[in-house]
Amino acid sequence: MEQFFKVKEHGSTVKIEVMAGITTFMAMAYILMVNAGMFANLEGVSYNAVYIATALSAVIGTFLMAFLANLPLGLASGMGLNAFFVYTACFTFGLSYANALVLVLLDGIVFTILTVTGIRARLFSAIPDCVRKAVYCILRSSECRYCCE
């Protein structure tokens, strides 16, 4: 394990990585329950099916991150986006589960096109540096020590 993941080279130990893995596992087990519970509120959605789909996607994403990127990150569904999907897109806007999923698909396609064509990077670099720093300060809820000229 040490040779493959280069644990010492990254400034860690096997013990620390095992503890981090247990902590991540517990958080992801929580995500499985809550995510499936949220989606089960939608008409025609099975708690068990969402539970299994969430688990499989987390396993695949985590293994890809470990073996392709060599990063110790667990990947699971984003509960904030899932809550937005269920409670805002479906319940508030009245979209069916299938229609909301089509919008998610279209969003993914648009984002992929923006990334592949380089437009996403140009849009990001078009944001003035002082605005980026101000947003950073707002997100950190701290006094901003940067100034815009």
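The values are calculated or read from the model by the stated rules, or taken from the named source; none is laboratory data. Remember, it's a predicted structure, so these values are computed and weren't measured experimentally. Glycine gets a Cβ as well: all are built from the backbone with ideal geometry, and neighbour counts include every protein chain shown. Ligands, DNA and RNA are stripped out before the accessible areas are found, and what is left, the full protein with its side chains, is counted by its heavy atoms. Shrake-Rupley method; radii C 1.70, N 1.55, O 1.52, S 1.80 Å.
Computed values, structure above
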{"read-out": "Output for segment 1-10, where each listed residue is surrounded by fewer than 12 Cβ atoms within 10 Å (Cβ to Cβ) and assigned to a helix (DSSP H, G or I)", "value": "Glu2, Gln3, Phe4"}
{"read-out": "All positions within segment 65-90 that are in a helix (DSSP H, G or I) and either loosely packed, with under 12 Cβ neighbours inside 10 Å or among the acidic types (Asp, Glu) (or both)", "value": "Phe67, Gly80, Leu81"}
{"read-out": "Restricting segment 11-59 to residues that are in contact with a helix residue (DSSP H, G or I) (Cβ under 9 Å, 6 or more places away or on another chain) and more than 30 Å from Cys90 (Cα to Cα), the residue that is surrounded by the fewest Cβ atoms within 10 Å (Cβ to Cβ)", "value": "Val14"}
{"read-out": "Considering residues of segment 113-146 that are open to solvent by 100 Å² or more (accessible area, probe 1.4 Å) and outside any helix (DSSP H, G or I) only, the residue modelled with the highest pLDDT", "value": "Ser141"}
